[in-house]
Amino acid sequence: MIRPNRTHALRLLVAWAVLSVIGVVIGLQLSLPPGSQSQQSVDQSWLLKLMTLISTPVFIGVVLYILYSVFAFRQRRGLLEDGPPSYGNMRIQVAWVAITAVVVFILAGVGISELDAAATGTNFTSSSAPTLATAGSVGTTEGHALQVQVIAQQWYFTYRYADYSGVESLHLMLPVNANVVLHITSTDILHSFWAYQLGVKADANPGVDNVTYLTTLQTGSFTVRCAELCGIWHGNMADTNGAVVSQADFATWVAQLQKDNLSIPVPSYAPYYFPSPRVKGT
Amino acid sequence: MVAGGNNRGTATRLVVLVLFVGILSALLFFFIGGFVIRGPESLTASPATVAQGNTPAQNAFIHLEVVGSVAAAITFPRPDDPHPTWVSYLPTTILNVPANSTVTLQIDQEDTPSGLRNPFWSQAFGIEGGTFHMTYFDDKGNPQEGDFSSIPDPATAAHTFAIPDLGVFVPLEGLSAAAPAGSMNVITFSFKTGKPGVYHWQCFVPCGSGTIYGNGGPMQTTGYMAGFLVVQ
């Protein structure tokens, strides 16, 4: 004969298992941000999906246990007496702490690994350190990555292409299937470069060359926003005209940009800017 | 007697509390209301004109002045301005223009050069024909005139006129130190407006004198070096 508390445990276990399977199946169907336009965004979407799948049974277990307890162990109407004494259960406590610790450490490990990949470029297909492009190559050559400088200012981003004589653009254009090294800096105050669909967000600070890595996978447009409150027009510091284009389209575009830039007095490429001279400020 | 005294004391405290809350609410109401009401006035573009001689047809025309300090305005004085020492576009920075039209903007630029932190902004973008017309004074004080796609030297820029969402960016040449007193550079250009909406515009030169890196004061206050283009 099964003891009453075993009956409760069995009911909870079965209900938890069934609901968890349903929850995980639903979780697998979700399309989670930021998408699949770059290797980084694919990795981040996968990470979010993993967290969703692991946390779903935990969430269902906690909510189910609370709801079951509220109904199964409620005080009967008109009955005024204390509940039975509870002395704890060492095995359950150890199991609870151990399972929680394992889940947290797994998620922390996976998350740190992803952060490290974004910070060091280990997602790159090439293990060599990124170098400047030779003529005609746009990020696909072994050991090479397209170098793009992101320059933030109140309240706009511009982009310099170090591989192409340091030409500068109003919008960020990238070739598909390319390794890209983004050098992010600012000419005035603290900003944050956030290309949402590309899965890239990094601080833009004056006097700092903040490097992050990107591998484009799909063509399409993306939005760039500032993710650091940077003054009265911070909300306007956005550009919806960023795009990942085919290699041929990029070559055409950058050639035109080089022509357009001929009349602009572009200074030699510098890794970062300082907010000086302090024009008209004292 | 004692109970009546307590009641009176309670009533007094209640009246004082109600008065205090009422006065505080009124002050807050007037402060917030005043802040909302005191925004800059708007300037509506003059109506369309037809082509006459060498003057092309214009859908709309706006005339602005840029000064190093509001108190030094020549064309559009603003005597009651609370910040007479601030650099500013005048007469206002709220500009009403028609949708799907060509807007011609004339800017009387009277401020001296301060240079561009990013030389990229010396190039004009998004304007009709790719060039702006400019009358200016060279470093010897001689008047000059011409059509330009960029200013020759980023170091001689004073300000820019930029509407990022319309892709319009125009550098404004600073007034030469050798120019006669009371003179100005006149920059004229046209751009197309699109669908109705409110578009933010600003100066890209950090020109807020006396603020950290020049980015405070007039750079952060609507009505001076930034505003809205209301396309309707």
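Can you tell me which of B:S122, B:S150 is surrounded by 19 or more Cβ atoms within 10 Å (Cβ to Cβ), within 25 Å of A:I189 (Cβ to Cβ) and within 14 Å of chain A (Cβ to nearest Cβ)?
Of B:S122, B:S150, the one residue that is surrounded by 19 or more Cβ atoms within 10 Å (Cβ to Cβ), within 25 Å of A:I189 (Cβ to Cβ) and within 14 Å of chain A (Cβ to nearest Cβ) is B:S122.
Regarding the range A:152-170, can at least one residue be identified that is within 14 Å of chain B (Cβ to nearest Cβ), within 21 Å of the chain's Cα centre (by Cα), small (G, A, S) and under 22 Å from B:F120 (Cβ atoms)?
yes
Of all residues in the range B:51-81, how many are within 15 Å of the chain's Cα centre (by Cα) and either modelled with pLDDT under 90 or not in a helix (DSSP H, G or I) (or both)?
Going through the range B:51-81 one residue at a time, the tally reaches 14.
Taking the conditions exactly as written (modelled with pLDDT under 90 and among the aliphatic types (A, V, I, L, M)), does A:A72 satisfy them or not?
yes
Between residues in the range A:214-234 that are free of Cβ contacts under 8 Å to residues at least 40 places away in the same chain and under 15 Å from A:F157 (Cβ atoms) and residues that are of a type in the set (S, T, Y) and surrounded by 15 or more Cβ atoms within 10 Å (Cβ to Cβ), which pairs lie under 6 Å by C-beta distance while being six or more apart or on different chains?
Filtered contacts from the range A:214-234: A:T223/A:Y196; A:A227/A:S192; A:E228/A:S192.
Please state which of the following conditions B:G141 fails to meet, knowing it meets all the rest: (1) within 11 Å of chain A (Cβ to nearest Cβ); (2) under 25 Å from B:I74 (Cβ atoms); (3) in a loop (DSSP other than H, G, I, E, B).
Only one criterion is unmet by B:G141, namely (1).
Out of (1) touching a Ser or Thr at 6+ places or on another chain (Cβ under 9 Å); (2) of a type in the set (F, W, Y); (3) buried (at least 24 other Cβ atoms within 10 Å of the Cβ), the odd one out for A:Y196 is which?
Result: A:Y196 fails condition (3) only.
Just give me the residues in the range B:182-218 being over 13 Å from the mean Cα position of the chain (by Cα), more than 8 Å from chain A (Cβ to nearest Cβ) and outside any strand (DSSP E or B), in sequence order.
Once the filter is applied, which keeps residues that are over 13 Å from the mean Cα position of the chain (by Cα), more than 8 Å from chain A (Cβ to nearest Cβ) and outside any strand (DSSP E or B), the range B:182-218 yields B:G182, B:S183, B:M184, B:T193, B:G194, B:K195, B:P196, B:G216.
Being hydrophobic (A, V, I, L, M, F, W, C) and either part of a strand (DSSP E or B) or within 24 Å of B:L175 (Cα to Cα) (or both) is the filter here, so list the residues in the range B:82-103 that pass it.
Here is the first cut: in the range B:82-103, the ones hydrophobic (A, V, I, L, M, F, W, C) are B:86-87, B:90, B:94-95, B:97, B:99, B:103.
The answer is B:W86, B:V87, B:L90, B:I94, B:L95, B:V97, B:V103.
Filter the range A:154-171 down to the residues that are of a type outside the set (F, W, Y) and out of contact with any helix residue (DSSP H, G or I) (no Cβ under 9 Å at 6 or more places or on another chain), then identify the one that is modelled with the lowest pLDDT.
A:A162
Can you confirm whether the range B:110-118 contains a residue that is on the phi < 0 side of the Ramachandran plot, outside any helix (DSSP H, G or I), in contact with a strand residue (DSSP E or B) (Cβ under 9 Å, 6 or more places away or on another chain) and more than 10 Å from every other protein chain (Cβ to nearest Cβ)?
Yes: the range B:110-118 contains one or more residues that are on the phi < 0 side of the Ramachandran plot, outside any helix (DSSP H, G or I), in contact with a strand residue (DSSP E or B) (Cβ under 9 Å, 6 or more places away or on another chain) and more than 10 Å from every other protein chain (Cβ to nearest Cβ).
Inside the range A:146-180, can you point out the residues that are assigned to a loop (DSSP other than H, G, I, E, B), polar (S, T, N, Q) and crowded, with 22+ Cβ neighbours inside 10 Å?
Residues of the range A:146-180 that are assigned to a loop (DSSP other than H, G, I, E, B), as a first pass: A:154-155, A:165-166, A:170-172, A:176-178.
With polar (S, T, N, Q) added as a condition, the list becomes A:154, A:165, A:177.
Residue satisfying the conditions is A:Q154 alone.
When residues of the range B:219-232 are filtered for being in a strand (DSSP E or B) and within 9 Å of chain A (Cβ to nearest Cβ), how many remain?
Residues in the range B:219-232 being in a strand (DSSP E or B) and within 9 Å of chain A (Cβ to nearest Cβ): 1 in total.
Can you pull out every residue in the range B:125-137 that is of a type outside the set (D, E, K, R) and either within 18 Å of the chain's Cα centre (by Cα) or more than 14 Å from every other protein chain (Cβ to nearest Cβ) (or both)?
Result: B:G129, B:H133, B:M134, B:T135, B:Y136, B:F137.
Would you mind telling me which numbered condition in (1) within 11 Å of chain A (Cβ to nearest Cβ); (2) at pLDDT 90 or above B:V170 fails?
Status for B:V170: all satisfied but (1).
Could you please give the count of residues in the range A:10-49 that are under 14 Å from the mean Cα position of the chain (by Cα) and part of a helix (DSSP H, G or I)?
11
So which residues in the range B:153-169 are in a helix (DSSP H, G or I) and either surrounded by 20 or more Cβ atoms within 10 Å (Cβ to Cβ) or not small (G, A, S) (or both)?
Listed by number, the residues that qualify are B:P154, B:T156, B:P164, B:D165, B:L166.
The values are calculated or read from the model by the stated rules, or taken from the named source; none is laboratory data. Just so you know, these numbers come straight off a predicted model, no measurement behind them. Here Cβ is always computed from backbone atoms with ideal geometry, including for glycine, and neighbour counts include all displayed protein chains.
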